[in-house]
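Worksheet: the structure to be examined is printed underneath.
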Amino acid sequence: MLNPTRNLNGLSASNNGQHANGNGNGYGKELIITKPAEKLAIESAVRTILDNVGEDSGRDGLAGTPDRIARMYDEVLGGYHVDPVKLVNGALFDVDYSEMVLVRDIEYFSMCEHHMLPFYGRAHVAYLPTDKVIGLSKIPRLVEMFARRLQVQERLTHQIAEILDDILAPRGVAVAVEGQHMCSMMRGVKKEHPVMFTSAFLGEFKEDRELRKEFLTLVR
């Protein structure tokens, strides 16, 4: 797995841009990551689960489920296999602008690593440029890259902040993430509408209370 805090400003990814599974593409819905042997192992594991919860994995409605789940993981856990260097693809631009750049309401979907149930919500990302800005579409793609892994919301928040700091070397980065977690809605405390809020601040956002307040006012 690529180091999420690797400096990307002019550097290449490790392993010559290749993931251990041999796919070095930037993020794309066409990405196929699972080797045949890995796919068969996932299918076997799913059948074992189905049979041991009281189901018949061979019945009509479930016969294709192991294959569907194996293929689903290519998509919902595809973030492990994304090369962030290729994702950014050089979209850093010299712009004479020093005020806050904010991209808010970035929708994301992720999987909780504790119960492998979904959590989802919106991320808000801001930075204070030095001499470069990043292409608008790249921030949502970076959010998605980290969201499409087994995650906890706290780590997801910090990974987004750290990689943007590495890519741009800005004067400051602020990230706020809102999440609704199915693991607390379907099981456990079974509360219907809890919303978790996490934040990460780097550079001037961490040092300047008024700047943090401005960011939080804008995202709320």
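What follows draws every value from the coordinates through simple rules; no lab data is involved. Predicted model only: the values in this text are computed from it and were never measured. Cβ: placed from backbone, ideal geometry, glycine included. Neighbour counts: every protein chain shown.
Counting other C-beta atoms within 10 Å, and keeping those with at most 14, which DSSP coil GluC sites (Glu not before Pro) do you find in the range 117-220?
Details: sites: 144, 154, 162, 178, 192, 204, 207, 210, 214; in loops: 192.
Those satisfying the criteria are 192.
Note on residue 39: aspartates and glutamates with a C-alpha under 15 Å away, same-chain residues under 8 apart excluded, are 67, 74, 75.
The ranking of 201, 109 from fewest to most other beta carbons within 10 Å of each one's beta carbon is 109, 201. Gap in Å between the Cα centre of the range 162-220 and the Cα centre of the range 85-145? Each part reduced to its Cα centre gives a spacing of 12 Å.
Quotient of the Cα radius of gyration of the range 109-155 and 2.2 N^0.38 Å, N being its number of residues: 1.37.
Among 112, 183, the order by Cβ neighbours within 10 angstrom, fewest to most, reads 183, 112. Pairs over the 26 Å Cα-Cα cut-off, from the set 35/86; 132/213; 190/213; 86/132; 138/206: 190/213.
Computed over neighbours whose Cβ is under 14 Å from that of residue 53, the net charge equals -1, Lys and Arg +1, Asp and Glu -1.
Restricting to the range 91-219, compute how many DSSP beta bridges are antiparallel as a %, nearest 5.
95
The eigenvalues of the Cα gyration tensor, multiplied by 5 and square-rooted, give the range 36-80 an equivalent ellipsoid with semi-axes of 20, 10, 9 Å from largest to smallest. Cβ crowding within 10 Å ranks 115, 158, 193, 124 as 193, 115, 158, 124, fewest other Cβ atoms first.
Counting other Cβ atoms within 10 Å, keep those with at most 14, restrict to DSSP loop, and tell me which GluC sites (Glu not before Pro) in the range 88-134 are left.
99, 113
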